[in-house]
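Trainee: Please see the structure below; I have some questions.
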Amino acid sequence: MPIHAKHDKALLLTRADKPVQAQNIIASKSASTQSEKVGGSLLSDVCCQDIDLAPVAPPHNDKSTSSASTTLFSLPPVPPVDRDMTLRLGILTVSDRAAANQYSTGDLSGPAVEQSLLQLVKNMNSDSNSSSIHCTVVEKSVVSDSIDQIKDTLIQWCGGNYETSYCDLILTTGGTGFSPRDVTPEATLEVVGDRECRGLMAWASAQCSVVQPLAPLSRGTAGIRGNTLVVNLPGNPGGIPQILQVLFPLLLHALKDIQQGPK
């Protein structure tokens, strides 16, 4: 059997159609909030409740509201590693134009990675009293946007097999976008197999997007082959210092675990 709600027809009238006595009651109960209301305003569409008689929530503090909406919480910095570390670094630029020497300035992305990283290491060492980081660039190269070229270079720098490690950390730059020739993530995944480290790049992308809304457009990935950590960075030289500042302190913890070996 259908059930029908029973509504009070007097309450469902607009203010303009209400008896004068009812309007006076309403005015006396909510005079402070009705001075700017128009006489023909409608009742609430919540079942039979007169909007004029509904309780009014106290106003919010504008400053606290705006502050809460813009700053939900602040993230603590990544803690430093608790021991000295020596790292052998490889830097691989992936770019058709750079590989073909079509830039009048030459490759800018690879040098940006090296300069940013070495400066970051220098700053971290000067701020730390308990540990130091020694980083040496042992390999640098430029290849075109070719899966085979990227893959062959990465495998060689990883030591060629899963038993030895020539580079502790390989940073690629370029080829992480959405164009058909951007294949660095695909080549990297073929090298690292099922040891992809999705959390590293997801976290870096989330952090960088606070200052650069386009940061999530990089499809860069990361993973481990043998004892080598491979990380894809974007190709824009201007964005490299930002992502390394966010990512490198976290990479040190990953490299520490890799170097410690089986427990």
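Trainee: What whole-number distance in Å separates the alpha-carbon centres of the stretch 99-162 and the stretch 205-248?
Mentor: Each part reduced to its Cα centre gives a spacing of 13 Å.
Trainee: For the charge dipole of the stretch 104-160, defined by +1 on Lys and Arg C-beta atoms and -1 on Asp and Glu C-beta atoms about the Cα centroid, which residue among V137, I150, V121 has the Cα displaced farthest towards the positive pole?
Mentor: Of V137, I150, V121, it is V121.
Trainee: If you don't mind, another one. On the protein heavy atoms, probe 1.4 angstrom, tell me the percent of accessible surface of the stretch 79-224 carried by carbon and sulfur.
Mentor: Carbon and sulfur together cover 51 percent of it.
Trainee: Specify whether the C-alpha gyration tensor of the stretch 80-232 places it in the rounded, prolate or oblate class, a ≥ b ≥ c being the square roots of the eigenvalues: rounded for a/c under 1.5, otherwise prolate if a/b is larger than b/c and oblate if not.
Mentor: On the way: a/c = 1.40, a/b = 1.26, b/c = 1.12.
Taking the square roots of the gyration eigenvalues as a ≥ b ≥ c, the stretch 80-232 is rounded.
Trainee: Ordering T188, T136 from largest to smallest accessible area (1.4 angstrom probe), what's the sequence?
Mentor: T136, T188
Trainee: What is the extension gain from D96 to H134, computed as 0.36 nm multiplied by their sequence separation minus the C-alpha to C-alpha distance, in nm to one decimal?
Mentor: Using 0.36 nm per residue and subtracting the Cα-Cα distance, I get 10.5 nm.
Trainee: So if each residue of separation counts as 0.36 nm, and I subtract the Cα-Cα distance between Q115 and D127, what length gain in nm does that give?
Mentor: Contour length minus Cα-Cα distance gives 2.5 nm.
The values are calculated or read from the model by the stated rules, or taken from the named source; none is laboratory data. Worth saying up front: this structure is predicted, and the values here are computed from it rather than measured. Positions of Cβ are generated from backbone atoms using ideal geometry, with glycine treated the same way; all protein chains shown enter the neighbour counts. These accessible areas exclude ligands, DNA and RNA; they are computed on the full protein's heavy atoms, side chains included. Shrake-Rupley method; radii C 1.70, N 1.55, O 1.52, S 1.80 Å.
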